[in-house]
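The numbers here are math on the coordinates, done by the rules we state, and not lab data. Quick caveat, the model's predicted, so the values are computed rather than measured. So basically every Cβ, Gly included, is an ideal-geometry build from the backbone, and we count neighbours across all protein chains shown.
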Amino acid sequence: MVKKKPGEKKSKAAEDAEFNAQLKQLTVKSERDTPPQEEPVVITTAEAKKNRKKRALDLTQAMEWYKRGLSLGVGETVQIGSQHYTKQQCNLQAVTLDPKHAHAWTNLGVSLSVGETTQIGNQHYTKQQCYAHALTLNPEVARTWYNLGNSLGVDGTTQIGNQHYTRQQCYVQALTLDPKHGDAWNNLGVSLDVGETVQIGSQHYTKHQCYEQALKLDPKDVRAWSNIGVSLGETTQIGSQHYSTKWSA
């Protein structure tokens, strides 16, 4: 190795060789010591404002579609622009714009026939699945529990959260939320076996007593009269009147 004399200037080749050697050392050190850096996506104030406006507009339009669906009877349509929409299609528009609109999910289920499905995004939903989804969003609606119970077969169950519910348990949930739901009392009675009881609040009810509750709420409920007549082994009291089998139906 040739030593450089004091004051002697390095050649261009020597300077380049020294620089490349230093650069190589820095590169190796960087690759070994520096962890990979992930770059976050930063939303601008303008973008955030735009997204909030779009979300607010979607929610407003979803409510309008929901109200249109409510206003339509079976077989009726509403015209928006050049397009006609059925009750089902209005509710479909509502949940597409606002997937968290629990009531629209319930009404979408009501509009579906047994065995019929509707598509939202990549997912297909039956009426039972619409009710279950609505209750996942809001489990405090008695009508939806009642509808879900009606959609289940005798031995059918459905899952909401981590819990599985039978038809009977759906009616119990409905009546826990709304003790004045006469149809739920009647259907709960139908779901019970003879001698079986079910607890709602602190009270236990037989099928016979469920029909009695239905008739106290609506003394003109023909189905409840018929059912209580079938269940009678003795007389029953509705209001101040006692009835035997021959009085029912």
Subject >> Too-long pairs where the Cα-Cα distance tops 21 Å, listed order kept, from Lys54/Lys127; Lys54/Lys100; Lys100/Lys127 >> reply: Lys54/Lys127
**OP:** Just flag the GluC sites (Glu not before Pro) in the range 38-147 sitting in loop per DSSP whose Cβ has no more than 16 other Cβ atoms within 10 Å.
**Re:** Glu38, Glu76, Glu116, Glu140
Original post:
Where Rh is the Kirkwood radius over the Cα pairs of the range 139-233, the temperature 37 °C and the viscosity 0.692 mPa s, what D in µm²/s does Stokes-Einstein return?
Top reply: 248 µm²/s
**OP:** Give the peptides 87-98, 144-155, 52-63, 212-223 in descending order of average Cβ contacts within 10 Å, highest first.
**Re:** 87-98, 144-155, 212-223, 52-63
Subject >> aspartates and glutamates with Cα under 19 Å of Lys24, excluding same-chain neighbours fewer than 8 positions away >> reply: Glu15, Asp16, Asp33
**OP:** Using only alpha carbon pairs under 8 Å that are at least six residues apart, calculate the relative contact order of the range 51-127 and give it in whole percent.
**Re:** 23 percent
